[in-house]
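Below: one structure, written as structure tokens.
No lab work stands behind these numbers, since they all come straight from the coordinates. Treat the numbers as computed from the prediction; the structure is a model and nothing was measured. Cβ sites come from the backbone with ideal geometry, for glycine too, and all protein chains shown count toward neighbours.
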Amino acid sequence: MKQKKGFFYHLFAYVCIIGMLYAIMYFEADGNLLPIIIVALSWGIGIITHYFKTFGTEHLDILGISPDWEEKELEKEVEKLKRKRALLERLKEEKDLLEDLERLDLKEIEKRPSDDDFLPEH
């Protein structure tokens, strides 16, 4: 509750100060609002960060974003890692089979008689 209260105080201060700066810049600086826009945008990033630290992503359904999108993305990542692990295991098995096959081929080559074995001895 303390974090929520802190966020709303922060938001209230933002609205009040940006409103006051807007009024000052509008009347005193001949309508030059660029400085206030820069301050509002940069402080706004801080407000958004504070919001996500306080509330998380549970209220994003208003924007059309599913509140459990993090869990879905995490599940996708876990599935991706499982597929990668399965492919690596399959690759290792195939490498082992290839090594076994090469060893068998070498044994057969060693057992074959050479042409010299059929020549008459002198």
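In plain terms, the chain from Glu75 to Val39 could stretch by 9.1 nm, reckoned as 0.36 nm per residue minus the Cα-Cα distance. Taking label points 7 Å from Cα along the Cα-to-Cβ direction, Asp100 and His10 give a separation of 6.0 nm.
Taking every alpha-carbon pair under 8 Å whose residues sit at least 6 apart, the range 1-56 reaches a relative contact order of 47 percent. With K and R counted +1 and D and E -1, the other residues having a Cβ less than 12 Å from that of Glu79 yield a net charge of +4.
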